[in-house]
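Heads up, the thing below is written out as structure tokens.
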Amino acid sequence: MSSQPSTDAGVVVIGAGLAGAHVVEALRERAYAGPLTLVGDEQDRPYERPPLSKGYLQGAAEIEEAYVHPEGWYAEHDVSTRFGDAAVAVDREAHVVELADGERLPYRTLVLATGATPRRLSVPGSDLGGVLTLRRIADSDALKEAIGSHRRMVIVGGGWIGLEVAAAARAGGCEVTVLEMAELPLLQVLGPRVAEYFAQLHRDQGVRLRTGVGVEEITGTDGRVTGVVVDGETIPADVVVVGVGAAPNTDLARAAGLSVGSGVLVDEHLRSVDDPDVLAVGDVAEARHVPTGEPLRVEHWDNAIRQGKLAAASITGGPEVYDWAPYFYTDQYDLGMEYVGHGGAADDVVIRGDLTSGEFIAFWLRDGVVSAAMNVNIWDVSDDLRALLGREISPERLSDESIGLTEL
């Protein structure tokens, strides 16, 4: 086969998640008329993952609401789909993607949107029945069944996924224990003051929070989990949820000879640093972030959408670059929160409002400059907070509620 793709080979997107769906949508919106193929190893068409730990898991939303597009959208927009058929190899010289069923798809431009896979525990018993992760619809369905049965649940990992599952499980009447290796959940993201706020939120709702601990073993009977061993003590469990992060799916890129760091290395236009005909988006992309000049990989809903659109812009010759701040949100019990920026545990924290009221804004300052901001149960301020990022503002002004956010 020729080392150059045919003029009508079009765009192939590997990964039928949120980022991949927005690549093909944005290409059609930008009047790209060439062939488009969307490849995914799940049978389902692309869907959003936040509902799996929020509304759908809680029984407040139907799964149909999570799908990015109606069922007929792909055919209507002339997008060829290969759902339930994983890509197994990329031949960059021939410009061909090989699928598990043996089909070979030619491409002119390839977009890697392969996402991430939940990390598992490497302890005895981690393969027992009832030890779950949360990434796909079937995972959320298994958790919903467990919550509906009021089972005793142990959650390993006090990150966003773990705490959202804990909130849903407590609302469903489960006994819940959260195990976290750090001194507080979310400590590395939020710092001690705000992390303690989230810890107390869960304690107040009856969650047993164990910090500074690691799992030694998962026990079971007849192939089914019965407990988790921590510090020599066995905590009874009918279900164990492992929420200890996710690993980007870079094997395909690595095998194709692409440079990989924490993700596939791409420039500010999301093009591979090795091959201009290959782009990466979403969880798997470690992209040059223009405002900082540093590589950044982000595993959030907003970033998947934005990078999908940016990839389409790059493919169609647009000037857009990766220049936005990370954004995410969470819902836990009666708490709703939005976060923008890239703060850290070592940053100084300034609170605007009263933590005890449950309605406040938190700012993170690094060397006096606003690195991140979070609004808790205060709405329609996310854009105002985004505008403050990168600015040097005194803590006194940030905390002064008599000064409007747009006046800072």
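Computed from the coordinates by the stated procedures, all read-outs in this text should not be read as laboratory data. It should be emphasised that the depicted structure is a prediction, and the values quoted were computed from it without experimental measurement. Backbone-built Cβ (ideal geometry, glycine too); neighbour counts: all protein chains shown.
Just a few scattered comments:
- The Cα atoms of the stretch 233-315 give a gyration tensor whose axes a ≥ b ≥ c have a/c of 1.5 or more with a/b greater than b/c, which makes the shape prolate.
- Cα-centre dipole for the chain with unit charges at Cβ (Lys and Arg positive, Asp and Glu negative), debye to 20: 420 debye
- Inter-site label distance for Ser394 and Arg366 at 7 Å from Cα along Cβ, in nm: 2.4 nm
- For the stretch 393-401, backbone phi angles converted through the Karplus equation (6.51, -1.76, 1.60; θ = phi - 60°) give residue-by-residue couplings of 9, 5, x, 4, 6, 4, 7, 7, 6 Hz, Gly and Pro being listed as x.
- Across the stretch 234-240, coupling constants 3J(HN,Hα) worked out from phi with the 6.51/-1.76/1.60 Karplus curve, θ = phi - 60°, read 9, 8, x, 8, 8, 9, 10 Hz, and Gly and Pro carry x.
- Kirkwood Rh, Cα atoms: Rg over Rh of the stretch 135-239: 0.97
- Summary value for the stretch 334-407: 31 percent relative contact order, contacts being C-alpha pairs under 8 angstrom separated by 6+ residues.
- Cα centroid separation, the stretch 233-296 to the stretch 60-118 (Å): 18 Å
- Peptides 194-201, 208-215 ranked from most to least packed, by the mean per-residue count of other Cβ atoms within 10 Å: 194-201, 208-215.
- Length added when fully stretched, Phe83-Asp222, from 0.36 nm per residue minus Cα-Cα: 46.5 nm
- Mean residue ellipticity (222 nm) of the chain, computed from DSSP H runs ≥ 4 via -39,500 (n - 2.57), nearest 500: -7000 deg cm²/dmol
- Taking a ≥ b ≥ c as the square roots of the eigenvalues of the alpha carbon gyration tensor, the chain is oblate, as a/c is not under 1.5 and a/b does not beat b/c.
- Extension gain from Ile403 to Asp8, taking 0.36 nm per residue of separation minus the Cα-Cα distance: 136.5 nm
- The stretch 341-391 shape via C-alpha gyration tensor axes, a/c threshold 1.5: oblate
- Highest mean first, the peptides 393-406, 256-269, 107-120 sorted by other C-beta atoms within 10 Å per residue fall in the order 107-120, 256-269, 393-406.
- Inter-label distance, nm, simple model (7 Å from Cα along the C-beta direction), Asp384/His150: 4.5 nm
- The label-point distance for Glu62 and Gln188, in a model that sets each label 7 Å from Cα toward Cβ, rounds to 4.0 nm.
- Estimated FRET transfer efficiency (Glu320, Tyr32; beta-carbon r; R0 25 Å; 0.05): 0.95
- Look at the dipole of the chain built from charges on Cβ: of Ala362, Gly344, Leu405, the Cα furthest out on the positive end belongs to Gly344.
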